[in-house]
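Asks: I have a structure I would like to understand better, so I am pasting it below and will then ask my questions one at a time.
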Amino acid sequence: MEAAIRVLLVEDDTNLATRLAEALEAAGFVVDRAEDGDTGWYMGDTGTYDAAVLDLGLPRLPGLEVLARWRRAGRSLPVLILSARGTWSERVEGLNAGADDYLGKPFHAAEVAARLRSLIRRAAGTIQPVLRLGAIAFDQAAGRVSVDGQDVELTAQEQKLLFHLMSRPGRIVSQGDLAEHLYAMDDVRDSNTIEVFIGRLRKKLGRDAIRTVRGLGYRMG
Ligand code: CA
């Protein structure tokens, strides 16, 4: 059986979101919903989705900022922006921020479904690169990490941390930056916890895999 297509719908208009979710589910999608930008950002950052439908006018975090944060963190899921304020400049702004498509309100749910299918097809044609650094390989699409070809079991949090370091080879990443990526939801900034995670990663990947740059942070490569 074909795996269901999972879509994240970030829209604060409950009626609209309900109608759209029902239409998308009827079209065969599995839909998760968020009604504010902060929750939507977190779900997109930590969950596995084939695409997101993102409203621009959102409480707590504007849609464009949600999108920009996903892109800065290397989240490449296709994003279809919905907006009531369908001005030309806003459309350009959305596409510049990393949106894959843009639809002005009002719209037909059938069109959202069609555009999502097309975005997902297009995304499937682009290969997600396997990150490599020395003996370590991180296959993002499969969520698999190996050292010298041997698979290593990592928790989701460890994977997030590793991805953040590996996608910035040779650069120093501060503890605060890492904490922000791990605990964005509840605003925890506990550097001790980061040290614990780094310790576990070293145990699994090799002691020298991650270097400590005293007083500044960590570095890979
Ligand atoms: Ca809105």
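Asks: If you take the residues in the range 69-127 that are more than 18 Å from residue 29 (Cα to Cα) and among the β-branched types (Val, Ile, Thr), which one is surrounded by the fewest Cβ atoms within 10 Å (Cβ to Cβ)?
Replies: 127
Asks: Sticking with this one: Would you confirm whether any residue within the range 54-62 is small (Gly, Ala, Ser) and at pLDDT below 95?
Replies: For the range 54-62, residues small (Gly, Ala, Ser) and at pLDDT below 95: present.
Asks: Next up: Does residue 142 qualify as being hydrophobic (A, V, I, L, M, F, W, C), closer than 30 Å to residue 204 by Cα and surrounded by fewer than 15 Cβ atoms within 10 Å (Cβ to Cβ)?
Replies: yes
Asks: Let me ask you something else. Just wondering, is there one or more residues in the range 153-163 that are touching a residue at least 60 places away in the same chain (Cβ under 8 Å), in the same structural domain as residue 201 (by TED's automatic domain parsing) and farther than 15 Å from residue 210 by Cα?
Replies: Looking for residues that are touching a residue at least 60 places away in the same chain (Cβ under 8 Å), in the same structural domain as residue 201 (by TED's automatic domain parsing) and farther than 15 Å from residue 210 by Cα, one finds at least one in the range 153-163, hence yes.
Asks: Name the strands (runs of 3 or more DSSP E) wholly inside the range 1-97 in which the number of residues that are within 13 Å of the ligand (Cβ to nearest atom) is 3 or more.
Replies: It comes to 51-55, 79-83.
Asks: Got at least one residue in the range 35-58 being surrounded by fewer than 17 Cβ atoms within 10 Å (Cβ to Cβ) and on the phi > 0 side of the Ramachandran plot?
Replies: Within the range 35-58, none of the residues are surrounded by fewer than 17 Cβ atoms within 10 Å (Cβ to Cβ) and on the phi > 0 side of the Ramachandran plot.
Asks: Of the residues in the range 11-28, how many are more than 11 Å from residue 109 (Cβ to Cβ) and either among the aromatic types (Phe, Trp, Tyr) or touching a helix residue (DSSP H, G or I) at 6+ places or on another chain (Cβ under 8 Å) (or both)?
Replies: Within the range 11-28, residues that are more than 11 Å from residue 109 (Cβ to Cβ) and either among the aromatic types (Phe, Trp, Tyr) or touching a helix residue (DSSP H, G or I) at 6+ places or on another chain (Cβ under 8 Å) (or both) number 1.
The values are calculated or read from the model by the stated rules, or taken from the named source; none is laboratory data. Here the structure is a predicted model, which is why all the values come from computation and not from measurement. Here Cβ is always computed from backbone atoms with ideal geometry, including for glycine, and neighbour counts include all displayed protein chains.
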